[in-house]
Each structure stands twice: as C-alpha cells, then as structure tokens.
Amino acid sequence: MKDLKEIYRLTFAYRSTALKVVAYNLFFVVFNLLSLVLFIPVLQLIFRTPISSQTLKKPTFPSHLFEFGNYGKDAYNYWMSTLVKADPKMALLGVCISVFAAFFLKNLFRYGAVWHQSHLRMVVVRDLRNNLFQKILYLPLAFHSNERRGDLMARMNSDVGEIEIAVVSLLELIFREPIAIFINLLTLIVLSPELTLFSLFLLPVSALVISKINKSLKRTAKQGQEQTGLLFSSIDEALHGIRIIKAFRAIKFIENRFKTVNQTHQKLITKTFRKKDLSPLINETLGSLVMVLLVWVGGLLILNKSASGLSGELFLTFIIVFSQLLRPIQSTSNALANMAKSKVSLDRINQVLMEDEQILDPPNPQNITALNQELIFKNVSFNYSGDPVLNNVSFSVQRGENIAIVGESGSGKSTLLDLIPRFYDPVSGEICIDGNNLKAFSVDSLRALIGIVTQDSLLFNGSVLENIAFGDPNPNLQRAQEAAKSANAFDFIMQLEGEFEYNIGDRGNKLSGGQKQRISIARAIYKNPQILLLDEATSALDTQSELLVQHALERLMEGKTSLIVAHRLSTIKKANRILVLSKGQIVETGSHQELIAIKGHYYRLCSLQGLS
C-alpha cells in the first residue's frame, strides 16, 4: 500500500490531467459494457423471442436516483418491443446503429484516456529524472567516489522507465479495472444470480496466484536492476578507457568480461519477464476453465428448463459479459506485476533522492565576495570511510601568496585542496577566510571565488567558447579571446576549423593533452577567481607543452592567492612557501632554498628528481 501511495503522489502531482484520464477511462468502461449488452435485442430478434409491447407499459420518469438504472432498461425494452412489432427489420437496423454508436464512443473515450495518459506518464518521468539528476549534481564527491556511474545511469534510465509503466498501471489498477469489474459483475447478477455466484470462485484463486508470483517477481526484479547498473558501468568503463584497452591488447579480455555481465543480465531480465507475464496467463487459464464450467451449468439450466428463467439469448449475453470480466481481472494482474517491479526501481531511485547531501548552506548563509586577508587551516583532520588522510593540519595563506604543496602519493595533497571549495568538509578542525568558518558562507558564493585547474583536463562536448566560458549563460567572445591569449591557447584555437566555435568532441578528445590543459587554464582565467587551486596542472605534459602551460599558469597566478600541488618540483621553486606533507601531516615548511638547506624530507624528494 505504501508503494501505491508513492506512485499516486507522483501521478497526481498533475491532478487535472490525471482526473481527465480517470474520467475518460470511466466512460470507456461504461460504453464497452453497453456495446455488448446492446446485442441482447439482436439475439432476441434472431431467436424470435422479442418482448411484447402489450405486456409493457411506457415507463414513467423516476423520482429517485437509484431508479434510473431500471428506467433506462424499461425504456429501451419498451422502445425496442414497439419497434419490433412495427417493423423487425428497422428494429434490427436500429440495434445495429446503437451498437456501432456504443463501439465508436467506447473507442473515442479510450483514445481520450490514452491522449492525456501519454502526456501524464512522460511529465512524471521528466520530473523524476530532473530531480534525480539535480540530486546527483548536489551530492558530495564522497558519494560519487563510492557509486558506479553506470549504476547511476541505469537508475535514471531503466529504473525511471519502470516508474513510467507504473503510472499507467496505477490509474488502471485503482480507477478503471475495479470499476469495470464492479459494473460487469452487477450486469452478470442482473442476468443470472446463480451463474454469477458459481463463477466468483475465480477471484480468490487468482488473488492467491498473483500474490505468490509478485513476491517472487520483486526479488528477481531487484537482482535484474542491479545487474543493469553493472552492465551500464561496464559500457561506461570500456568507452572511457578505449585507448588503454587497445594499447594493452585487452579487447578480448574486456569483450569476454562484458559478455559475462551481459549474459547474466539477459538471464535475470528473461526470468523477470517470464514471471511478470505468468500471472495473466494463469488468470486466463482459470478463466477458460470457469467459462467451460459456466457453459456446462448454464446449458443444463436451459435444457432442464429450470425456474431460473434463463433464456438462450440471455445465456449467450452472460457468457459475452463474463468474458469481458476476465479482461479487467487480467489487467489487474498485469498492473500488480508492474507495481511489484516498479517498487524495486522506486527504492533504487529513492536511495539516491534520500541521500544526505552533507555539503549544505547554513540556515542564514553569508555571501562572501572577496578574500581580504588570509585563508587559515586550524587543526584540520579528514578521513575517507574511517581511513585517516589528513591529521591535525594547520597553516595560513596570506592574500596574494603562492603556496606549493608537495609530498609522496597518498599524503593528502589533493584532499587538502578539495576541502577549500567544500567538496568535502573536515572531520574536525576548521578552515577560515578572514576569520570566518567556510561553513558560514553560502557554497555558491564561496565557489565563485575559486578557480581550479587539475591534472585531468575536464572538458565538455561543445565549442571552444562554451568550454572557456563554462558556466556563463551568455559567453563573451572578446573576454574568452583575452583569456585564451593569456593561456597561450589563442594561436592554436585560431588554426581550428571554426576557431572559437570549433566543437572539441567528447571530453575534448579532438585536442591534444597540452591544448586541453591550456583550454582549462583559459577557463580559469575567464572566471577571474581570487583563489586559485592548481592540482598537478603540468604533470601529464611533454616538455614543450609544459613550458607553454607553465608560462600561462604564471600569468594566471599574478595577483591571486594560489595553492599549487605539484609532483614536478622544478615547477614550484618560485613559490613563496612550500608545505611538505607526509602521511597526512605537515612535516616541513619554508622556501625552496630553506628546505634544501635543512636536507630533510623535501631534500630527499628533490634528490629523486635530480634537483638537489
């Protein structure tokens, strides 16, 4: 029931559209039944047992609401008996026209329901996908470090697709099929109470079967959706690492690994479909069994001329209406199977939507507009999943100062930089700007002060201009050109076809490593930040590209407060101060000459690179 409430909430976020779907479906149910019941006069004419108008009186208009049903039936019988008496052929024509009109209206209302339903299902999916994507963007880096991108893609694709199916199933399960079952049952009771009572044993048997199948379906669907996430992850990794796969002759290895994952996915999804499609088939089988029994019992009643008053034409009508009762029962079975499958998808989606964002604005955030004095780390400690990375780190950076951070791999250099824009928050201690804790500021205003250039040049599929002016809804070409000149990127950009409108491809793969890095620096220059974070910005470049990028970085750092993480120690000799990290702690601090003189940890690092 809780699952239904959640889908109901999503569906009726668009109340007017949902109510239109419900209304059109109700009219469809009524005219669907009417199109069948109207065959009774045809059967009466064929069997030559029309109701004599001499035995009927013209019905009077009812004074109570509950009498309208009988009034409609009596009025129709009176009209038909009069018409049959006058001209049986015209009566037959009238019945045929009535039946056609009922079928036409039935299909018209069904299409009206489908028309609005197609809009409803897609806007619900759109909103859910928007919410999921927005949540993923706001979740901290710690979440993305623990989650596979392929699994997140699966949640936004296949899991959201299951919710789309559930939206349709919900409207049918609650507002169409129960009413169809009720109206059909009521009609069957009017036609023959004895046969109706005999046929009702189908419902509890079906309910028991559906319940058992749906429990098994839910378990299999969960395994299938998890395997879909693994499948998407395998595809994402292969596409992202295609160069390495080819270089290490690992095509067959990756191909075989994917085939294994894909084979498991195929088996699980096949099992899911089989279980999902089993319940309506069982219902239909049970329905055919009951149909055969009804024909046998009804035939005996007619042959024995029992007191039930069941005529041949009424019996045939009963069979036709009963066959229509099976359709909503089977649809209910399908809808319940869809709801069981969607429950798994909804749980997976909610798992992301309910994830703690952690990096949040305070209740009354301050907007920071400038670094006026200093950035201070006070006894800062941090760990990933309990593993310590930084331990009691303290230092200060004055405005306009260039600070280099060095140390062996895994010493916490990149993590230290990530704490400044609040990609993570310290486990203990605090980071302050001009005496105010970073947590006192709005995240957006804090990050507006900061520019980042990393070792991996993270570019996006778009034009050169869009990448340099990234985040600016109205890119300024002149400003982008000036940024490109400062980043030593202008010359090669002007040689590209389309120049600043040139599309650089997925992740900038149409550019060389040095070109991508200079575009990244131009992006930082365009933003014109006050605090600059450089994370091994030149470590992946050749000597010529490194010189161009290094000159661009020096121009970028002019007048800015900069923190530079570097493995190539030759690039940070001019830093105002160097912090040496080891196992998450600052073990040395000073200028290049001072640290070389004491012949400590920094000296050993320089010796390894031939700089001492």
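In the set (1) modelled with pLDDT of 80 or more; (2) within 30 Å of Leu152 (Cα to Cα); (3) surrounded by 14 or more Cβ atoms within 10 Å (Cβ to Cβ); (4) aliphatic (A, V, I, L, M), Met354 fails one condition alone, (3).
In the list Ile181, Ile189, which residue meets the criterion of being among the aliphatic types (A, V, I, L, M), modelled with pLDDT of 75 or more and closer than 30 Å to Val123 by Cα? After applying the criteria, what remains is Ile181.
When the stretch 482-511 is examined, which residues are found to be among the β-branched types (Val, Ile, Thr) and either farther than 19 Å from Asp456 by Cβ or surrounded by fewer than 15 Cβ atoms within 10 Å (Cβ to Cβ) (or both)? Full working, then the answer.
First, pick out the residues of the stretch 482-511 that are among the β-branched types (Val, Ile, Thr): 493, 504.
Passing the criteria: only Ile493.
So how many residues does the stretch 456-481 have that are more than 31 Å from the chain's Cα centre (by Cα) and either surrounded by 21 or more Cβ atoms within 10 Å (Cβ to Cβ) or part of a loop (DSSP other than H, G, I, E, B) (or both)? Don't jump to the end; show me each part of the working.
Of the residues in the stretch 456-481, the ones more than 31 Å from the chain's Cα centre (by Cα) are 476-481.
Those still in the list that are either surrounded by 21 or more Cβ atoms within 10 Å (Cβ to Cβ) or part of a loop (DSSP other than H, G, I, E, B) (or both) too: 476, 480.
So the answer is 2.
Among the residues examined, Arg447 qualifies as surrounded by 15 or more Cβ atoms within 10 Å (Cβ to Cβ) and part of a helix (DSSP H, G or I).
Among the residues here, Tyr424 does not qualify as loosely packed, with under 15 Cβ neighbours inside 10 Å and closer than 29 Å to Arg507 by Cα. Taking the criterion of being surrounded by fewer than 19 Cβ atoms within 10 Å (Cβ to Cβ) and in contact with a helix residue (DSSP H, G or I) (Cβ under 7 Å, 6 or more places away or on another chain), the residues of the stretch 107-124 that qualify are Arg110, Gly112, His119, Val123. Whenever a residue of the stretch 495-514 is over 17 Å from Leu548 (Cβ atoms), its partners that are outside any loop (DSSP other than H, G, I, E, B) and of a type in the set (Lys, Arg), lying with C-beta atoms within less than 9 angstrom and at least six residues away or across chains, give the pairs Ile504/Lys516; Arg507/Lys516; Asn509/Lys516.
Among the residues of the stretch 162-172, none qualifies, meaning not one is over 20 Å from Ile7 (Cβ atoms), at pLDDT 75 or above and surrounded by fewer than 20 Cβ atoms within 10 Å (Cβ to Cβ). Just to be sure, is Val99 surrounded by 13 or more Cβ atoms within 10 Å (Cβ to Cβ) and at pLDDT 80 or above? Answer is no for this residue. Cβ-Cβ distances below 8 Å connect no pair with a first residue in the stretch 382-398 that is acidic (Asp, Glu), a second residue that is part of a strand (DSSP E or B), and a separation of six or more residues or different chains. Across the stretch 376-407, the number of residues qualifying as loosely packed, with under 14 Cβ neighbours inside 10 Å, within 19 Å of Thr454 (Cβ to Cβ) and either in contact with a strand residue (DSSP E or B) (Cβ under 9 Å, 6 or more places away or on another chain) or charged (D, E, K, R) (or both) comes to 0.
Within the stretch 466-493, residues that are over 21 Å from Lys510 (Cα atoms) have Cβ atoms under 6 Å from residues that are part of a helix (DSSP H, G or I) and β-branched (Val, Ile, Thr) in these pairs: Ser486/Ile525, counting only partners at least 6 apart in sequence or on another chain. Here the stretch 427-444 is the region considered, the condition is being touching a residue at least 24 places away in the same chain (Cβ under 8 Å) and closer than 20 Å to Ile586 by Cβ, and the residue that is surrounded by the most Cβ atoms within 10 Å (Cβ to Cβ) is Ile433.
Taking the stretch 482-498 as the range and being aliphatic (A, V, I, L, M), within 16 Å of Ala524 (Cβ to Cβ) and in a loop (DSSP other than H, G, I, E, B) as the test, the residues that pass are Ala487, Ala489. For the stretch 333-347, enumerate the residues that are surrounded by fewer than 23 Cβ atoms within 10 Å (Cβ to Cβ) and among the charged types (D, E, K, R). Listed by number, the residues that qualify are Lys343, Asp347.
Looking only at residues in the stretch 261-279 that are among the aliphatic types (A, V, I, L, M) and touching a residue at least 40 places away in the same chain (Cβ under 8 Å), which one is surrounded by the fewest Cβ atoms within 10 Å (Cβ to Cβ)?
Leu278
For Ile244, indicate whether it is modelled with pLDDT under 70, more than 22 Å from the chain's Cα centre (by Cα) and buried (at least 21 other Cβ atoms within 10 Å of the Cβ).
On the way: modelled with pLDDT under 70: yes; more than 22 Å from the chain's Cα centre (by Cα): yes; buried (at least 21 other Cβ atoms within 10 Å of the Cβ): no.
It is false that Ile244 is modelled with pLDDT under 70, more than 22 Å from the chain's Cα centre (by Cα) and buried (at least 21 other Cβ atoms within 10 Å of the Cβ).
Note on the stretch 446-466: residues that are among the acidic types (Asp, Glu) and closer than 23 Å to Glu374 by Cα amount to 0.
The values are calculated or read from the model by the stated rules, or taken from the named source; none is laboratory data. This is a predicted model, so every value here is computed, not measured. All Cβ positions, even for glycine, are placed from backbone atoms using ideal geometry, and neighbour counts span all protein chains on display.
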